[in-house]
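Student: Here it is, the structure in full.
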Amino acid sequence: MSSLDDPRVFFAAERTLLAWNRTALALMAFGFAIERFGLFVQFLMPERRAGPALDLSFWIGIAFVLLGSLVAAAAVLQFRKVLKTLQPAEFPERYNVHLGMFTNLLVTALGILLTVYLYLSR
């Protein structure tokens, strides 16, 4: 339990949450780029319609998108643990402390939807 009675403790935890959010988004974007790289290869070499390299590109891309989703969800769980250790004086007055968690949960849901879309559009 924290005993600093300073809202800066909360803001430091929120900055960490948002840093994990950026990491999750970067992982998802990287995964999307890898997954779509297979389409680029098909465009350049139409004679190679299918093959292990294209399948590998697809599955690695999907794995990165899912990893990003899991990172965003794990960040929310970690942030909730930190919030439980803070005292009321460490929360800023009239500040929505759940907005960062909502954003990460939305990123998680959108990452899962992107994974489903990429899988179904294959």
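The values are calculated or read from the model by the stated rules, or taken from the named source; none is laboratory data. On a predicted model such as this, the values are computed, not experimentally measured, just so you know. Ideal geometry is used to build each Cβ from the backbone, glycine not excepted, and the neighbour counts take in all protein chains shown.
Student: Among the residues of the range 1-53, which ones are modelled with pLDDT of 85 or more, farther than 30 Å from Pro92 by Cα and not aromatic (Phe, Trp, Tyr)?
Tutor: Listed by number, the residues that qualify are Leu27, Met28, Ala29, Gly31, Ala33, Ile34, Glu35, Arg36.
Student: Now, a different point. Between residues in the range 45-65 that are more than 14 Å from Ile112 (Cα to Cα) and residues that are of a type in the set (Val, Ile, Thr) and modelled with pLDDT of 85 or more, which pairs lie under 7 Å by C-beta distance while being six or more apart or on different chains?
Tutor: Ser57/Ile34; Ile60/Ile34
Student: In addition: As an exercise: evaluate Gly111 against (1) of a type outside the set (A, V, I, L, M, F, W, C); (2) touching a residue at least 24 places away in the same chain (Cβ under 8 Å); (3) within 22 Å of Ala13 (Cα to Cα) and give the number of the one condition it does not meet.
Tutor: (3)
Student: Continuing with the same structure: I want to confirm something. Restricting to the range 21-33 and keeping residues that are in contact with a Phe, Trp or Tyr (Cβ under 6 Å, 6 or more places away or on another chain) and closer than 18 Å to Asp55 by Cα, which single residue is surrounded by the fewest Cβ atoms within 10 Å (Cβ to Cβ)?
Tutor: Among those residues, the one meeting the criterion is Phe30.
Student: Leu56 passes all but one of (1) modelled with pLDDT of 95 or more; (2) surrounded by 12 or more Cβ atoms within 10 Å (Cβ to Cβ); which number fails?
Tutor: Going through the list (1) modelled with pLDDT of 95 or more; (2) surrounded by 12 or more Cβ atoms within 10 Å (Cβ to Cβ), Leu56 breaks only (1).
Student: Would you point out the residue of the range 102-119, among those that are of a type outside the set (A, V, I, L, M, F, W, C) and more than 17 Å from Leu17 (Cβ to Cβ), that is surrounded by the most Cβ atoms within 10 Å (Cβ to Cβ)?
Tutor: So, considering only residues that are of a type outside the set (A, V, I, L, M, F, W, C) and more than 17 Å from Leu17 (Cβ to Cβ), the one surrounded by the most Cβ atoms within 10 Å (Cβ to Cβ) is Thr115.
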